[in-house]
1. Work out the charge dipole of the chain with +1 on the Cβ of Lys and Arg and -1 on the Cβ of Asp and Glu about the Cα centre, then indicate which of Val88, Ser3, Leu66 is farthest towards its positive end.
2. Dipole of the chain (Lys/Arg Cβ +1, Asp/Glu Cβ -1, origin at the Cα centre): which of Tyr12, Gln157, Val143 lies farthest to the positive side?
3. What accessible area per residue comes out for the chain, rounded to a whole number of Å², with a 1.4 Å probe?
4. How much of the accessible area of the stretch 79-194, in percent, comes from carbon and sulfur atoms when a 1.4 Å probe is used?
5. Could you state how much accessible area Asp58 has, in square angstrom rounded to the nearest 10, with a 1.4 Å probe and all protein chains kept in place?
6. Under a Cβ-Cβ cut-off of 12 Å, what is the net charge of the residues other than Ala116 that fall near it, where Lys and Arg count +1 and Asp and Glu count -1?
7. Does the stretch 81-194 come out rounded, prolate or oblate by the C-alpha gyration tensor, with a ≥ b ≥ c the root eigenvalues, rounded set by a/c under 1.5 and, if not, prolate when a/b is larger than b/c and oblate if not?
8. For a distance above 25 Å, tell me the whole-number percent of Cα pairs in the chain that qualify.
Amino acid sequence: MTSSERAQIVCYPEADVPDELRAQVLRLQREAWPYDEPLEVGPVHDPLLRPLSMLLLDGGRVCSALDVLSKTIAVGGRSWAASGLSTVVTDWALRRRGYGCRLVEAARQRIAESGADVGLFTCDTPLRPFYEAAGWELLPGTVLVGGTVADPFPSDQFDKVTFGAFFSPAAREARAAFVGSRIPLYSGTIDKLW
Ligand SMILES: CC(C)(COP(=O)(O)OP(=O)(O)OC[C@H]1O[C@@H](n2cnc3c(N)ncnc32)[C@H](O)[C@@H]1OP(=O)(O)O)[C@@H](O)C(=O)NCCC(=O)NCCS
């Protein structure tokens with residue numbers, strides 16, 4: 001058994017992550033995104049997006065972490081329960097050992113079991129092989145429009161690609177409406193895009 005297979009996954013609403021684990025997650029995030037605002041131990045995501053923190057632990061050490069964000073979106077004339085991944089990070093000293101992939105696969109499973117219709121998120125184009133290895137589907141040409149209706153924040157202003165998963169039968173049938181289109185995510189002003 002590899003060390004990533006031995007590690008244990010725990011999930012908490014972001015606001016309920018125990019302080020000791022939370023401090024480790026914030027350290028990993030600060031190392032990965034040093035130019036973001038200084039982080040405090042409290043939650044960083046918009047509570048309206050029901051942030052769920054998933055942590056991959058080896059003993060008491062956080063090896064990888066991510067947050068699942070969720071909201072209702074309107075596509076193709078109806079609403080869908082959508083969830084996506086945010087702030088996916090592996091401790092730099094533990095990268096390329098399969099930890100991140102295992103956590104991102106588990107998040108896909110967790111979102112499927114949550115009753116969400118679709119999984120949707122963006123990532124920097126160079127990370128495409130990572131999310132493909134973890135079972136997510138590349139949606140060619142799909143753009144997520146974050147921000148707000150008054151101040152949209154589209155993913156195609158960056159070098160990003162969109163990944164997805166279609167969980168409910170209705171979402172599988174409506175797949176064509178999500179591929180190659182601009183999706184009104186409107187995730188707000190705190191999590192401008194995911
Ligand atoms: C992206 C990240 C989470 C990957 O975590 P990880 O634990 O190293 O990933 P894994 O070991 O599970 O990688 C599995 C496979 O994904 C691919 N992969 C992993 N990191 C990659 C990278 N940086 N670029 C391209 N492909 C990558 C590889 O195919 C890898 O398999 P291999 O090592 O056998 O070649 C980690 O590099 C990280 O924390 N980066 C900084 C933060 C970041 O950019 N997060 C993503 C936000 S969208």
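1. Value: Ser3.
2. Val143
3. Accessible surface, normalised per residue, equals 50 Å².
4. Exposed carbon and sulfur together represent 52 percent of the surface.
5. 60 Å²
6. +2
7. Verdict is oblate for the stretch 81-194.
8. Here the tail beyond 25 Å accounts for 33 percent of pairs.
The values are calculated or read from the model by the stated rules, or taken from the named source; none is laboratory data. As the structure is a prediction and not an experimental result, all values here were calculated from the model. All Cβ positions, even for glycine, are placed from backbone atoms using ideal geometry, and neighbour counts span all protein chains on display. For accessibility, only protein heavy atoms count, side chains too; no ligands or nucleic acids. Shrake-Rupley method; radii C 1.70, N 1.55, O 1.52, S 1.80 Å.
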